[in-house]
1. Somewhere in the range 428-437, is a residue open to solvent by 90 Å² or more (accessible area, probe 1.4 Å) and either among the hydroxyl-bearing types (S, T, Y) or touching a residue at least 12 places away in the same chain (Cβ under 8 Å) (or both)?
2. With the condition kept exactly as written, say whether any residue in the range 372-379 is part of a loop (DSSP other than H, G, I, E, B), touching a helix residue (DSSP H, G or I) at 6+ places or on another chain (Cβ under 6 Å) and either of a type in the set (D, E, K, R) or surrounded by fewer than 20 Cβ atoms within 10 Å (Cβ to Cβ) (or both).
3. So, in the range 164-188, exactly how many residues are modelled with pLDDT under 95 and loosely packed, with under 15 Cβ neighbours inside 10 Å?
4. Which residue pairs have Cβ atoms under 8 Å apart, sit 6 or more places apart or on different chains, and have a first residue in the range 370-399 that is more than 20 Å from G65 (Cα to Cα) and a second that is in a helix (DSSP H, G or I) and among the charged types (D, E, K, R)?
5. So S221 passes all but one of these: (1) modelled with pLDDT under 95; (2) open to solvent by less than 10 Å² (accessible area, probe 1.4 Å). Which condition number does it fail?
6. Filter the range 189-205 for residues that are within 18 Å of S142 (Cα to Cα) and either surrounded by fewer than 20 Cβ atoms within 10 Å (Cβ to Cβ) or not hydrophobic (A, V, I, L, M, F, W, C) (or both) and give the result.
7. As an exercise: evaluate V211 against (1) out of contact with any Ser or Thr (no Cβ under 7 Å at 6 or more places or on another chain); (2) open to solvent by 20 Å² or more (accessible area, probe 1.4 Å); (3) not acidic (D, E) and give the number of the one condition it does not meet.
8. Got at least one residue in the range 402-417 being part of a helix (DSSP H, G or I), modelled with pLDDT of 90 or more and under 20 Å from G89 (Cβ atoms)?
Amino acid sequence: MASHPTYEAHGQPYVDEKASMTAEKQDLGGSRDVFAEDGVHQIQYKTLSWQAVSLLMIAEIVSNGILSLPSALAVVGIVPAVILIVFLGIFGLYTAKLLVDFKLNHPNVHTMGDAGYIMSGPVAREVLAFGTVAFAVFASGSELLSSQQALSTLSNQGVCSMYLVIIAGAVGFLISLPRTLDRLAWMGFLSAIVIAVAGFVAMIGAGANPVPGRSLTVAASSNFFDAFLAVTNPVFAYAGHFMFFILISEMRRPEDAMKAAWCLQGFATVFYTVFSVVVYVYIGNTVQSPALFSLPPAWAKATFAIALANFLFTSGLYVHTAAKLVFVRIFRHSEHIHSHTLLGWTVWTLLCFTGVAVAAILAIAVPIFSYLIGIAAALFAAWYTYGLAGFFWLHDVYHLKGGVDGLKGRPIGTILAVLTIIAGAFICAAGTYVSIKLIVEAYASGQVGKPFIC
């Protein structure tokens, strides 16, 4: 790493803190890749193709997205919901482009925390790094709950749900253990296939068993709370951008990252739209969330059985992401990153275990965990997927393209970046408000259960 200027003061070495911070900032923002390979390292990270990255992202994003989207159509109507799903898919592609450009301009950025440090210093790094880890752990817990729901459905509610969460957590822990993402790529391929197949099976099941006398809504008027509650489903269905920097850091050719983003957003947008419309048209306004519970029991079991592999894989992938951020933060540019050292593997295993354990405890012990997931998504995913991209564009244009003159010379880009920041702030504030109000109403109505129960 870059050396920091030192001086002698009263016989003691004195570190110039300002120069130290500048040197670290240059290291994070410079041309040195976070996983600089020399061909002789025992652990090679930069091995992912853009196809593998696209499959990992599809497996991760589409996993829970399809479960809740049809219910949004029942609240706001089929036309507004479809327009919103398509718009957010396009918006997500735009913000992905901004993230990819920022990563290419700053090769040593590995996480959102690194990007925050380049833009605003150590406080931003800690906040964004914490948010990434927290959101990844919460998302892993969400996947554990989906796995538990799948296993409970398959067992006819015959096994205590706590045990099922623990079983799913054990599988997720094993999946998270490989040190490099290329070891997970083949599972990402299978996971992307099974979630797509599960979606098609659900659509076939809904079409083969339409709800008699169902009602459909083309467009519905609603109050802000109900409308935005429904809108949060498609908004957070695209919430996977927080992993982009980590994934791109392990690509053989980071400049191909936009190919993966095009595949991800293109597939997710089309699949979300088709799945939501088909399921909603055949089930109607009584569609539940998760939508699979609206299917006849046999079809629900078949769909959950197929999707289970995806839920388990995605839970492990989220834990891997959280562990990778902390691991690289501890051992950045040290031998423990690229070599099979006892300390490196011990710390890595403990990080993965801790991530799974926290996710499982949250899922089991916190009755309002499903609501807390909404708060975490509002606080962090709203910024990672949308708002921060605007800051990244403004920062790089200002610092790399001529300062204020560079911004004035790109009025359309500047306006879009500012609107992106405003959109992220609105989603964050409104999503947090809706989630907190849901918790208050759940307690008031006695819907909150007790911890550690089956």
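1. Yes, the range 428-437 contains a residue that is open to solvent by 90 Å² or more (accessible area, probe 1.4 Å) and either among the hydroxyl-bearing types (S, T, Y) or touching a residue at least 12 places away in the same chain (Cβ under 8 Å) (or both).
2. No, the range 372-379 has no match at all.
3. Result for the range 164-188: 2.
4. Within 8 Å, the pairs are F392/D101; W393/D101; D396/D101.
5. S221 satisfies all of (1) modelled with pLDDT under 95; (2) open to solvent by less than 10 Å² (accessible area, probe 1.4 Å) except (2).
6. Of everything in the range 189-205, just one residue is within 18 Å of S142 (Cα to Cα) and either surrounded by fewer than 20 Cβ atoms within 10 Å (Cβ to Cβ) or not hydrophobic (A, V, I, L, M, F, W, C) (or both), namely S191.
7. Every condition holds for V211 apart from (1).
8. Yes, because at least one residue in the range 402-417 is part of a helix (DSSP H, G or I), modelled with pLDDT of 90 or more and under 20 Å from G89 (Cβ atoms).
The values are calculated or read from the model by the stated rules, or taken from the named source; none is laboratory data. All values derive from a computational prediction rather than experimental measurement. Cβ coordinates were reconstructed from backbone atoms using ideal geometry, including for glycine residues, and neighbour counts include every protein chain displayed. Heavy atoms of the whole protein, side chains included, go into the accessibility calculation; ligands, DNA and RNA do not. Shrake-Rupley method; radii C 1.70, N 1.55, O 1.52, S 1.80 Å.
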